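Shown next, in structure tokens, is the structure this report addresses.
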Amino acid sequence: MISGGEPTLQKEAVIALAHYAKKLGLAVGIQTNGLFPGTLETLIEQRIIDRIAIDYKTRWEGFSGLVGGYNAVPAENYEKNLKKSIRICKEAYRENIIRELEIVITTFYENTEYIKKISEEIGTTPLVLQQGEHKAGQLQVPAPDMTNGEYISKRRILKENHPPLTLAELKSIADGLNRTVRIRTREIGEITYESDWRCRDARKRKR
């Protein structure tokens, strides 16, 4: 699995790595935020990719180049490129060019309002709700300027004030989506969750 940072930023390197892995007889996957659809398109056209996981960033998370190594990107541009990436990947998935495709939302209390809309946008593409954890690096003071003691203290305070969503809370979010989702947490790994939406639909049809 090729990941980052944002691996699709380095198009030539990713393509070379994928070709090399294929020569070794390996399956190739990539984890991407979808900002660079051209890289994904080339990987698909050259049939050197088997699995794509798109980490869908919400507006709450913002979009800055400080982590990925490129200039800050306006939310509108990111969403435009992301939707193009999803469209390209869905077509490749339908045509069996890639074997696996999933949309991953790293889920926090602050971005739950966006999840239902994203679920509707992606249609039947497999959706993963991944338990998010606030990082000390998201604090106003840059991590390199902190002493180790300051970092540990701020990380503890951050966890106390912003604990990760629990499995029950993630299931509650999934209940409102009327679809099967996969849920990932640190505690249990990954589960497939269907909630009771199938039962509700069956009851409606009986009436």
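The values are calculated or read from the model by the stated rules, or taken from the named source; none is laboratory data. As the structure is a computational prediction, the values presented were derived from the model and not from experiment. So basically every Cβ, Gly included, is an ideal-geometry build from the backbone, and we count neighbours across all protein chains shown.
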Every pair of residues 6+ apart whose Cβ atoms lie under 6 Å, when the first sits in the range 178-189 and is assigned to a loop (DSSP other than H, G, I, E, B) while the second is surrounded by 14 or more Cβ atoms within 10 Å (Cβ to Cβ): Asn178/Trp197
Complete set of residues in the range 21-44 that are among the hydrophobic types (A, V, I, L, M, F, W, C), in contact with a Lys or Arg (Cβ under 8 Å, 6 or more places away or on another chain) and farther than 11 Å from Met1 by Cβ: Phe36
Filtered residue count, the range 67-107, keeping only those that are closer than 26 Å to Asp175 by Cα and modelled with pLDDT under 90: 1
Qualifying residue in the range 58-66 (condition: under 17 Å from Leu165 (Cα atoms), surrounded by 14 or more Cβ atoms within 10 Å (Cβ to Cβ) and either modelled with pLDDT of 95 or more or not polar (S, T, N, Q) (or both)): yes
Near pairs, Cβ below 9 angstrom, 6+ apart or cross-chain, from the range 27-52 (surrounded by fewer than 19 Cβ atoms within 10 Å (Cβ to Cβ)) to any residue that is of a type in the set (Lys, Arg) and assigned to a loop (DSSP other than H, G, I, E, B): Ala27/Arg99; Asp50/Arg99; Arg51/Arg99
Residues satisfying the stated conditions in the range 12-36, i.e. in contact with a strand residue (DSSP E or B) (Cβ under 9 Å, 6 or more places away or on another chain) and of a type in the set (A, V, I, L, M): Val14, Leu17, Ala18, Ala21, Ala27, Val28, Ile30
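Okay, residues lined up against (1) buried (at least 17 other Cβ atoms within 10 Å of the Cβ); (2) touching a Pro at 6+ places or on another chain (Cβ under 6 Å); (3) assigned to a helix (DSSP H, G or I):
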{"site": "Leu82", "(1), (2), (3)": "yes, no, yes"}
{"site": "Arg87", "(1), (2), (3)": "no, no, yes"}
{"site": "Ala92", "(1), (2), (3)": "yes, no, yes"}
{"site": "Glu102", "(1), (2), (3)": "yes, yes, no"}
{"site": "Ile105", "(1), (2), (3)": "yes, no, no"}
{"site": "Asn111", "(1), (2), (3)": "yes, no, yes"}
{"site": "Leu129", "(1), (2), (3)": "yes, no, no"}
Residue check for Ile2: in contact with a Cys (Cβ under 8 Å, 6 or more places away or on another chain) and modelled with pLDDT of 95 or more: no
Positions within the range 1-11 being touching a strand residue (DSSP E or B) at 6+ places or on another chain (Cβ under 7 Å), among the hydrophobic types (A, V, I, L, M, F, W, C) and touching a residue at least 60 places away in the same chain (Cβ under 8 Å), in sequence order: none
